[in-house]
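The values are calculated or read from the model by the stated rules, or taken from the named source; none is laboratory data. Treat the numbers as computed from the prediction; the structure is a model and nothing was measured. A quick note on method: Cβ atoms are made from the backbone with ideal geometry, for glycine too, and the neighbour counts reach across all protein chains shown. Note: areas computed on protein heavy atoms with side chains; ligands, DNA, RNA excluded. Shrake-Rupley method; radii C 1.70, N 1.55, O 1.52, S 1.80 Å.
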Amino acid sequence: MARIFFTFLCFLTTINAIQAVVVEYKVTNRAATTPGGIAFTNQLGEEYTKQTMSSATDFIWRLFHQNSDAERKNTVDDVSLFLDDRDETYVAAVSNDEIIVGDNFIENIQGENMKRDFNGVVYHEMTHVWQFDGSAGTKAPMGLIDGIADFVRLKANFVPDGWTQPGDGTRWDESYGVTARFLEYCNDLRNGFVAEINKKLRDTYSVTFFDELLGKPVDQLWTEYKAKYGKN
C-alpha cells in the first residue's frame, strides 16, 4: 500500500510540474467576413482554438521532457493567434509569440479534415513558441528548427494527406516533413533524442550533437536512413 501511495504522489508531482506555468491564450478573427474567416467561426471558433493551443503546449512539454519551469522557455506569459486576410499561398507563421494563420488556408481545408489540418498547423507554430533554437550562441539552421516543429506535429498525429513519407528528401536539414521523418528515425535509435537536441539548443547549436548522442555523424545517419527505405 505504501508503494502504491508513493507512486500516486510521484504522478501528482509530475502533473503539477507540467501545469505549473500559467499561460494565457488569446484568439482574434481579423478576417471574420471572408469565406475562410466564416469557416473559422463556424467550424473552429475561439474557444476550441484556445484549447488546442493549450493542449499543444502540454504535449510539447511532455515530448521535450520538460517537467519543470526551469527546463522550459520562461519568457512566455501569453500566446496570441490571429486569423488574417492573407494571400492564397500563406498558411501560418509566428513572431514574438504571435501566430498568424491565413484565412485562405482555412477556406481550403473545409470539411472532415478541418480540425486535423488546423491542429497540425497550431502544433507546429506552438512548437516555435516553446522550442530552443541555439540563438544564445550559434543559431540552428532553419531546416532543423522547422523539422523539429513538424516532428511534434507528426508525433501528435496531425499530418495532412499526402505528407512526406519516410525516406523522402535530398538532405537531412531540408526542413519540414523531410527533416521530421529523419528526426523520427533518429529518435527511434535513441528514445528522447529530439528532446535532448532541444535541450542542447538552449545554449547553442553544433552539427556534432548527432555524433555526441548517436555515435555517428549526421551525414552517415542520413545515408543509413535513406538506405533503410531504399531511397539512396
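Would you confirm whether any residue within the range 133-152 is in contact with a Ser or Thr (Cβ under 6 Å, 6 or more places away or on another chain), crowded, with 16+ Cβ neighbours inside 10 Å, at pLDDT 95 or above and at positive phi? Looking for residues that are in contact with a Ser or Thr (Cβ under 6 Å, 6 or more places away or on another chain), crowded, with 16+ Cβ neighbours inside 10 Å, at pLDDT 95 or above and at positive phi, one finds at least one in the range 133-152, hence yes. Only one entry of PRO166, PRO160 meets the criterion of being in a loop (DSSP other than H, G, I, E, B), in contact with a helix residue (DSSP H, G or I) (Cβ under 8 Å, 6 or more places away or on another chain) and either closer than 25 Å to THR223 by Cα or of a type in the set (A, V, I, L, M) (or both), and that entry is PRO166. The residue pairs whose first member lies in the range 106-121 and is without any contact (Cβ under 8 Å) to a residue 60 or more places away in the chain, whose second member is part of a helix (DSSP H, G or I), and whose beta carbons are closer than 6 Å, counting only pairs six or more residues apart or on different chains, are ILE109/ASP117; GLY120/ARG153. Among the listed residues ASP103, ASP188, which satisfies the condition of being open to solvent by 10 Å² or more (accessible area, probe 1.4 Å) and acidic (Asp, Glu)? None of the others qualify; the one that does is ASP188.
Considering only residues of the range 62-91 that are aliphatic (A, V, I, L, M) and touching a helix residue (DSSP H, G or I) at 6+ places or on another chain (Cβ under 9 Å), which is farthest from ASN187 (Cα to Cα)?
Here the residue is LEU83.
Residues of the range 49-91 being touching a residue at least 60 places away in the same chain (Cβ under 8 Å) and either open to solvent by 30 Å² or more (accessible area, probe 1.4 Å) or part of a helix (DSSP H, G or I) (or both), which ones? Matches in the range 49-91: THR49, THR52, MET53, ALA56, THR57, PHE59, ILE60, TRP61, LEU63, HIS65, GLU71.
Evaluating VAL94 against the criteria (1) open to solvent by less than 60 Å² (accessible area, probe 1.4 Å); (2) touching a helix residue (DSSP H, G or I) at 6+ places or on another chain (Cβ under 9 Å); (3) part of a helix (DSSP H, G or I); (4) at pLDDT 95 or above leaves one unmet condition, (3). Taken across the range 206-218, residues that are of a type outside the set (Gly, Ala, Ser), open to solvent by 10 Å² or more (accessible area, probe 1.4 Å), closer than 22 Å to ALA93 by Cα and out of contact with any helix residue (DSSP H, G or I) (no Cβ under 8 Å at 6 or more places or on another chain) do not occur at all.
Consider THR34 carefully, then state whether it is in contact with a strand residue (DSSP E or B) (Cβ under 8 Å, 6 or more places away or on another chain), more than 28 Å from ASP173 (Cβ to Cβ) and of a type in the set (Ser, Thr, Tyr). Outline the logic, then answer.
Details: in contact with a strand residue (DSSP E or B) (Cβ under 8 Å, 6 or more places away or on another chain): no; more than 28 Å from ASP173 (Cβ to Cβ): yes; of a type in the set (Ser, Thr, Tyr): yes.
Taking the combined requirement at face value, the residue does not satisfy it.
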